Amino acid sequence: MKFHIKLLGLLILAGTISCTQNEKTAKKEKSPSTKFTRLKYNNPDLVSDLGVGLWANPLPVDYDNDGDNDLLVSCRDNPWHGTYFFENRSGDAFPVFEPPVYVGEPLKDIQVSYIDGKARFLIPGKELIDYSKNMGTETKELFPDSVFNKLNKRIRFRQWKYVDYDNDGDLDIAVGIQDGEDYGWDNAYNDKGMWTNGPLHGYVYLIENKNGKYELKGKIKAGGKPIDVYGQPSPNFADFDNDGDLDIICGQFLDKFTWFENVGTREKPEYAKGRYLENRNGILHMDLEMIVPVGLDWDKDGDVDLVVGDEDGRVAFVENTGKVENHMPVFKSPKYFQQKAEDVKFGALVSPFSVDWDDDGDEDLICGNSAGYIGFIENLQNGETPKWAKPVYLKANGKVIREQAGYNGSIQGPCEAKWGYTVLTVADWNNDGLKDVITNGIWGKVLWYENIGTKGHPKLAEPKPVKVQWNGNTPKPEWNWWEPEPGTLVTQWRTTPITIDWNKDGLTDLIMLDTDGYLTYFERFKDGDQLMLKPGKHIFYSDKTYNRKNELIDEEGGLLRLSEVRNGKSGRRKLAMVDWDGDGDLDLIVNSKNAAWFENIGTENGMVMFSFRGNFTDQKLAGHSTCPTIVDYDKNGIPDILLGAEDGCLYYLKHP
C-alpha cells in the first residue's frame, strides 16, 4: 500500500501545474454564485399529499378566522425549518388545501389544546400568548419543565397540554414524556437478533392546579399501572366515546394509537388498561413512525376525531365514526390530507436517480425514501423546465415495494421497524436491454429488481441478492448480528450502489462502500451463463484524508474512506459519478451539507487519485444526509445536479 501511495505521489507531482490550476478554479467555484433551487411540479392541475419536511407536528386551528379548520404544521428539519399555514378555502371536512405559507419559526414540542372551543398552545413549561399572532414570541410561565429531568434520564419529547382533569373548573396540565434510558438506541442485539436493552417509554404525568398553583402529582395510571406506551405519547384527553367523561388516546414512536377508557367519572377519572384502536380492518396504523395525534372535532359532527402528523411530513385525518364497539370508539383508517401540488416531494430522506424509466425520451426520477418505498416520478414535459406527475409506488410481482427493517433490521433497534432508507440506482444489470433497479438500505443488503417487462413498459420481479464470488465467507460489517447468505453482497447501510461499466468490457460493474467504509470496485464477470461480481478491490485514493463529514483530518492521503465510524453512525453516504469538470474522467459527487466534489486528478496502473474540492454552495440542505443524482434537463451535454434532501424535496443546481 505504501508503494502505491508513493507511486501516486509521483503522479501528482508530475501534474503539479495542472492541479494547481484546478485548485485555483475550485476556489473560485466554492464562492457560491448559484444556489440549489427546490424542484417544482410545474403542474397547475395536480393535487398531491399535503406535507412539510421531516417530522410533521400538526396544529389544527382556524388560523384565518373564517369559520373553518386550517392547518398549522410545525417542522424542525433542514431545510424546511418553520411553521407553515395550509389554508382550507372550501370549508370542507376533507379539503384540498392551499400550498404551505411560512408564518414563523418552529417550536420544539409545541402542542395545541382546545379549551371552551379555543385553541391554546403550550411548549414545555410555558403557554404561548396569542400564538397565532405572535408565533411564540410571548410566553407565560406555568411550571418548571426541569423537574422532569430528575424523573427521567434520557428525554426526547416533552408534550404539554391543558386539561381540566377533575372537572373542577380550572386548567390542569398533562405532560407526555419519552424516556429512552432503557432503550439506549444503538447496537444492542444478541446473536439471535433479540434486542437486549429495554423499550422506549412513553409516560403521561399530571400537574394539578391547586387554587391557582401547580403541583406535580406523578404518572397517570391505567389498569392500575402507570401509562407507558412505546415512546412519544402525545396524550389527548377528550370524551371520545361520548359518555360524558374524559378518555385518553395516546400515540407512540411507532405507528399505533392506544385507547384508555375512563371507567370512573368525570370528577374522579379511572382508566382501564390500554388497548390499540382498531376497526373492521384491524389495528389502526399510520403509514410511518413518530406520529403526533391531535384530538378535536375536525369535521364538526359532534365527536372527537384525530389529526395526525407523520414522520415524512404528511398529515392524516382519522375520523371518529361516532360508533362504540366493545367499549372502544370506532375510527376510520387514516386518510392523508391533500394540497394543491407545489414542490416535488417523495416522503423523507428522498434518494433520487435520474433515468428515462419509460423510454419516452426524457429524464424521469426513480426515488427511494426513509419509509422504504421506491417511487416513479414521471417527467411529463421534455425540456429545461420539466412538468412532473405525482409519485407512483413501484411494485414487484404485483405488490408495492417496501423495504423495511422490521424488528431487528436496523442497528439502532426495534423502534426503527418501519424505516427502510432505500438508496438506489437504475441500470441494465443482467444485460437484457431493460432497466433494472439496484438497491441498498437499512439492512445493508444489496438487492436487484429484474425488469421482466418490455421497453417502455417496465415490470419488476421480486428482489434477488446481488451475487459475489467471495473467496471464503461473505464479509459483513463487524457490528451486524446476522450472517449474510453465501455469495451475496452486504455492506454498510444506507449507501449508494453505483452501477457503471468501469473497465469498458460491456458488463455493468459496481462501485460502493465496503464493510469498512472504503470506496471499492467490484468487477463484473461471466461465470458460465451467470453474471457475478469479483471480490472488491481498493483502487480509489485521496490525496488527503477526510472523515464522513468531509472534514480534513490528515494532510497525508491514502485509500479513499468515506465512512470511518461504526454501528448506527456508519454508512449513510450517498454518491454519484460524473465527469463534472469536462476533462474526460469520472469525478465523485458525495453528500455534504449540500453536495461536494472529489475531483479525479489522475490514474496510474489502475489506481485513481481524487482531490477534495469542497461543497458546491454554502447552503445547508442536510440534516441527516442529502443524495445527489446527475441530470441534464436542458440537454446541453453539461451535467447538472439534482439533490434529494431529508425533507423529501429535490433541489436543482445548474452547472456553474
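Values computed for the structure shown
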quantity: Failed condition for Thr34, given (1) at pLDDT below 95; (2) surrounded by 15 or more Cβ atoms within 10 Å (Cβ to Cβ); (3) under 27 Å from the mean Cα position of the chain (by Cα); calculated: (2)
quantity: Selection count, segment 191-215, where residues are out of contact with any Lys or Arg (no Cβ under 9 Å at 6 or more places or on another chain) and either over 17 Å from Pro269 (Cβ atoms) or free of Cβ contacts under 8 Å to residues at least 24 places away in the same chain (or both); calculated: 17
quantity: Segment 352-371, residues that are in a strand (DSSP E or B) and in contact (Cβ under 8 Å) with a residue 24 or more places away in the chain; calculated: Pro352, Phe353, Ser354, Val355, Leu365, Ile366, Cys367, Gly368
quantity: Positions within segment 165-183 being without any contact (Cβ under 8 Å) to a residue 24 or more places away in the chain and either open to solvent by less than 30 Å² (accessible area, probe 1.4 Å) or closer than 24 Å to Glu267 by Cα (or both), in sequence order; calculated: Gly169
quantity: Some residue of segment 450-462 being under 26 Å from Ser625 (Cα atoms), surrounded by fewer than 24 Cβ atoms within 10 Å (Cβ to Cβ) and of a type outside the set (Gly, Ala, Ser); calculated: no
quantity: Condition check for Asp514: modelled with pLDDT of 95 or more, open to solvent by less than 80 Å² (accessible area, probe 1.4 Å) and more than 21 Å from Gly602 (Cβ to Cβ); calculated: yes
quantity: Looking only at segment 577-601, and only at residues there that are among the aliphatic types (A, V, I, L, M) and open to solvent by 10 Å² or more (accessible area, probe 1.4 Å), the one that is farthest from Pro639 (Cα to Cα); calculated: Ile601
quantity: Hits in segment 330-345 - residues which are among the hydrophobic types (A, V, I, L, M, F, W, C), open to solvent by 10 Å² or more (accessible area, probe 1.4 Å) and touching a Phe, Trp or Tyr at 6+ places or on another chain (Cβ under 8 Å); calculated: Ala341
quantity: Restricting segment 122-134 to residues that are crowded, with 18+ Cβ neighbours inside 10 Å and within 11 Å of Gly104 (Cβ to Cβ), the residue that is modelled with the lowest pLDDT; calculated: Ser132
quantity: Residue ID - nearest to the chain's Cα centre (by Cα), chosen from residues in segment 404-420 that are within 18 Å of Cys367 (Cβ to Cβ) and without any contact (Cβ under 8 Å) to a residue 60 or more places away in the chain; calculated: Gly420
quantity: Output for segment 124-177, where each listed residue is among the aliphatic types (A, V, I, L, M) and either under 29 Å from the mean Cα position of the chain (by Cα) or assigned to a loop (DSSP other than H, G, I, E, B) (or both); calculated: Ile129, Met135, Leu142, Ile155, Leu171, Val175, Ile177
quantity: Residue match in segment 197-217 (condition: surrounded by fewer than 21 Cβ atoms within 10 Å (Cβ to Cβ), assigned to a loop (DSSP other than H, G, I, E, B) and at pLDDT below 95); calculated: yes
quantity: Residue match in segment 469-488 (condition: touching a His at 6+ places or on another chain (Cβ under 9 Å) and either over 25 Å from Ile630 (Cβ atoms) or surrounded by 17 or more Cβ atoms within 10 Å (Cβ to Cβ) (or both)); calculated: no
quantity: Matching option when the condition is in contact with a Leu (Cβ under 6 Å, 6 or more places away or on another chain) and open to solvent by 10 Å² or more (accessible area, probe 1.4 Å), among Ala396, Ala389, Ala417, Ala371; calculated: Ala389
quantity: Criterion (of a type in the set (Asp, Glu) and either over 23 Å from Gly409 (Cβ atoms) or more than 27 Å from the chain's Cα centre (by Cα) (or both)) met by exactly one of Asp514, Asp509; calculated: Asp509
quantity: Residues (assigned to a strand (DSSP E or B) and free of Cβ contacts under 8 Å to residues at least 40 places away in the same chain) located in segment 582-596; calculated: Asp587, Asn591
quantity: Search result, residues across segment 602-656 that are of a type in the set (D, E, K, R), open to solvent by less than 10 Å² (accessible area, probe 1.4 Å) and in a strand (DSSP E or B); calculated: Asp640
quantity: Residues that are more than 31 Å from the chain's Cα centre (by Cα) and outside any loop (DSSP other than H, G, I, E, B), drawn from segment 542-556; calculated: Asp554
quantity: Tally of residues being touching a Gly at 6+ places or on another chain (Cβ under 9 Å), charged (D, E, K, R) and closer than 18 Å to Glu342 by Cα across segment 52-104; calculated: 0
quantity: Asn382 modelled with pLDDT under 95, open to solvent by 10 Å² or more (accessible area, probe 1.4 Å) and part of a loop (DSSP other than H, G, I, E, B); calculated: yes
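The values are calculated or read from the model by the stated rules, or taken from the named source; none is laboratory data. In this text, all values refer to a predicted model and were calculated from it rather than measured experimentally. Because the Cβ atoms are built from the backbone with ideal geometry, glycine has one as well, and the counts that use them run over all protein chains shown. Protein only, heavy atoms only, side chains kept; ligands, DNA and RNA dropped before computing areas. Shrake-Rupley method; radii C 1.70, N 1.55, O 1.52, S 1.80 Å.
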